[in-house]
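Undergrad: A single structure is presented below for examination.
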Amino acid sequence: MTGHSENASVSPPLWLLAELTYRCPLHCVFCYNPLNYAENRHELTTAQWIDVMRQARKLGAAQLGFSGGEPLLRDDLEELIGEGHLLGYYTNLITSGVGLTEARIAHMKELGLDHIQLSFQDSTKEMNDFLTSTKTFDLKSRVAKLIKQYDYPMVLNVVLHRYNLDHVGRIIEMAIEMDVEYLELANTQYYGWGLINRAHLLPTQEQLQRAEAIVNEYRAKAGNKLRILFVVPDYFEERPKACMNGWGSVFLAVTADGTALPCHAAKSLPGFDFPNVTQHSVHDIWHNSDAFNRYRGDAWMKEPCQTCPEKKKDFGGCRCQAYALTGDATNADPVCGKSAQHGALKNIVLQAHAEQKNAVMKNEIQPMLFRTDANSLRFASGLVSPIK
């Protein structure tokens with residue numbers, strides 16, 4: 001990895017996300033996995049993953065997440081969990097629950113798995129199964145009981161959007177019945193499949209306001225017994241989020257084929273040659289690669305970010321979102337009220353609602369595109385445009 005000198009001021013990564021596989025039994029319409037994931041089925045071997053984990057731990061990473069796709073589809077998941085525990089990581093399994101049997105969770109407990117995050121798509125079987133194009137609600141409910149049975153903190157994730165925001169009260173009630181300790185209500189962020197289905201998924205401002213009011217009511221009643229995180233979608237904000245706490249700051253993702261990324265959606269950015277752990281050491285990737293250095297610090301920033309007093313807090317927002325909405329990843333995230341494109345972002349919301357309403361009136365609604373191998377291959381072959 002030539003052409004870059006090591007920057008001694010760069011802090012080590014704290015969070016290693018191992019995206020073990022892009023294979024998944026669910027077909028979620030808001031999945032952040034790449035649109036063309038089916039084009040590449042190559043996955044790192046067990047030995048290669050263990051080597052990555054050891055290198056990242058030596059570099060300073062303390063938290064290790066196993067994700068996908070669905071990580072339970074890897075037969076070596078337990079071996080990787082055991083190795084992560086022995087290396088001293090705090091280990092986290094991020095799962096749909098499909099494939100988590102009592103025998104497997106018991107073994108994972110013995111191996112030292114620290115944390116399981118379970119996803120649901122809605123509080124009702126009908127909507128949960130529709131959004132995933134599967135019949136998994138009952139299975140997920142059984143897995144939730146297993147997680148409690150094996151004395152894990154109950155962490156539930158539900159992605160919110162137009163189709164389920166009005167169910168937020170029932171979702172919280174479901175969480176209470178499951179004895180959930182931590183509920184993450186993560187409004188859809190528009191990358192990957194979420195961006196493709198944006199016109200379907202974008203809620204109205206009124207929906208968001210009602211949902212947030214309901215969340216606050218439950219927060220007041222539940223106190224510390226149920227902690228609720230409500231993440232408002234960027235498109236409705238005036239200030240950008242500190243994406244990944246800054247590019248190349250604390251987060252290192254390694255995809256199924258070994259590509260190292262500074263954020264989940266970084267592959268959507270053009271002009272990058274993202275390094276692979278099969279060709280470069282984790283140390284060199286983190287310290288010396290263009291991919292991790294390009295948007296570190298603030299030297300790359302243009303106005304209004306360069307002279308903004310908030311730049312040390314929000315780091316200019318999300319690079320992937322800036323590119324998706326403006327065509328230039330070095331622009332200010334249009335979520336920011338100071339961005340010249342902020343008004344255009346508001347128009348996207350209004351236009352999406354108007355187009356959807358018009359399509360309903362004319363009975364011309366375009367179907368949502370589910371995350372399937374067939375649709376992924378259509379994107380890879382150019383038969384479908386990645387952005388509508």
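Undergrad: Check the straight Cα-Cα distances from Lys135 and name the lysines below 21 Å, setting aside those fewer than 8 residues away within the same chain.
TA: Lys125, Lys145
Undergrad: Here's a follow-up. If you place +1 on the Cβ of every Lys and Arg and -1 on the Cβ of every Asp and Glu, how big does the dipole about the Cα centre of the chain come out, in debye to the nearest 20?
TA: It works out to roughly 700 debye.
Undergrad: Computed over the Cα atoms, what is the radius of gyration of the stretch 50-91 divided by 2.2 N^0.38 Å, N being its residue count?
TA: That works out to 1.11 for the stretch 50-91.
Undergrad: Would you please classify the overall shape of the chain from the alpha carbon gyration tensor, given that a ≥ b ≥ c denote the square roots of the eigenvalues, rounded means a/c under 1.5, and beyond that prolate means a/b larger than b/c while oblate covers the rest?
TA: Since a/c stays below 1.5, the shape of the chain is classed as rounded.
Undergrad: To continue, here is another question. First check a/c for the stretch 232-298, with a ≥ b ≥ c the square roots of the eigenvalues of its C-alpha gyration tensor; if it is under 1.5, answer rounded, and if not, answer prolate when a/b is larger than b/c or oblate otherwise.
TA: It comes out prolate by the Cα gyration axes.
Undergrad: Can you compute the helix-only [θ] at 222 nm over the chain? Use -39500 (n - 2.57) per DSSP H run of at least 4 residues, normalise by all residues, nearest 500 deg cm²/dmol.
TA: -11000 deg cm²/dmol
Undergrad: Next question. Need one number: % antiparallel among DSSP beta bridges in the chain, to the nearest 5.
TA: Approximately 10 percent, going by the DSSP bridge assignments.
Undergrad: Give, in nm to one decimal, the length gained when the segment between Val10 and Lys313 is fully stretched (0.36 nm per residue of separation minus the Cα-Cα distance).
TA: Here the answer is 107.4 nm.
Undergrad: Counting only protein heavy atoms and a 1.4 Å probe, tell me what percentage of the chain's accessible area is made up of carbon and sulfur.
TA: Of all accessible area on the chain, carbon and sulfur atoms account for 53 percent.
Undergrad: Which shape class, rounded, prolate or oblate, goes with the stretch 261-353 when its Cα gyration tensor gives a ≥ b ≥ c as root eigenvalues, a/c under 1.5 marks rounded, and past that a/b bigger than b/c marks prolate?
TA: Oblate is the answer for the stretch 261-353, as a/c is 1.5 or above yet b/c matches or exceeds a/b.
Undergrad: Can you work out D for the stretch 101-150 in µm² s⁻¹ from Stokes-Einstein, where Rh is the Kirkwood radius over C-alpha pairs, the temperature is 4 °C and the viscosity is 1.567 mPa s?
TA: For these conditions, the coefficient is 109 µm²/s.
Undergrad: Separate question: Sort out for me the Cα centre separation of the stretch 279-343 from the stretch 83-147, rounded to whole Å.
TA: If you average the Cα positions of each part, the centres end up 34 Å apart.
Undergrad: How much FRET efficiency would the formula 1/(1 + (r/R0)^6) give for Ala103 and Lys148, where r is the Cβ-Cβ distance and R0 is 22 Å, rounded to 0.05?
TA: Efficiency computed from Cβ-Cβ geometry: 0.80.
Undergrad: Please name which of Ala242, His353, Ile94 has its Cα lying farthest along the dipole of the chain towards the positive end, using unit charges on Cβ (Lys, Arg +1; Asp, Glu -1) and the Cα centre as origin.
TA: Result: His353.
Undergrad: Sticking with this structure for a sec: Taking the Cα centre as origin and putting +1 on Lys and Arg beta-carbons and -1 on Asp and Glu beta-carbons, what dipole magnitude results for the stretch 6-97, to the nearest 20 debye?
TA: Rounded to the nearest 20 debye, it is 200 debye.
Undergrad: Determine the relative contact order of the chain: mean sequence separation of Cα pairs under 8 Å and six or more apart, normalised by residue count, in whole percent.
TA: Dividing the mean separation by the residue count of the chain yields 21 percent.
Undergrad: Here is a follow-up. Measuring with a 1.4 Å probe in the full set of protein chains, what accessible area per residue, in whole Å², belongs to the chain?
TA: The answer is 44 Å² per residue.
Undergrad: Further, regarding this structure: For Glu310, what accessible area in Å² do you get when you roll a 1.4 Å probe over the heavy atoms of the protein chains, rounding to the nearest 10?
TA: Using a 1.4 Å probe on the heavy atoms, I get roughly 60 Å².
Undergrad: Using a 1.4 Å probe and ignoring any ligands, DNA or RNA, find the accessible area of Glu237 and quote it in Å² to the nearest 10.
TA: 60
Undergrad: Sorted by packing (mean other beta-carbon atoms within 10 Å per residue), highest first, where do 281-290, 316-325 land?
TA: My ranking of the peptides, most packed first, is 316-325, 281-290.
Undergrad: While we're on this one: What is the log10 of I(q)/I(0) for the stretch 1-87, computed with the Debye formula using one identical point scatterer on each Cα and no solvent, at q = 0.20 Å⁻¹?
TA: -1.01
Undergrad: Build a GNM of the chain with springs between Cα atoms under 10 Å: which of Ser11, Ser376, Ser249 gets the top mean-square fluctuation?
TA: Ser11
Undergrad: Which of Lys302/Lys338; Lys148/Lys221; Lys312/Lys346; Lys267/Lys311; Lys241/Lys312; Lys302/Lys346 have a Cα-Cα distance over 18 Å?
TA: Violating the 18 Å limit, Cα to Cα: Lys148/Lys221; Lys312/Lys346; Lys267/Lys311; Lys302/Lys346.
Undergrad: Quick one: accessible surface of Trp247, probe radius 1.4 Å, all protein chains present, in square angstrom to the nearest 10.
TA: Approximately 30 Å² of Trp247 is accessible to the 1.4 Å probe.
The values are calculated or read from the model by the stated rules, or taken from the named source; none is laboratory data. Remember, it's a predicted structure, so these values are computed and weren't measured experimentally. Neighbour counts run over all protein chains shown; Cβ positions are idealised from the backbone, glycine included. These area figures cover heavy atoms from the full protein model, side chains too; ligands, DNA and RNA do not enter into them. Shrake-Rupley method; radii C 1.70, N 1.55, O 1.52, S 1.80 Å.
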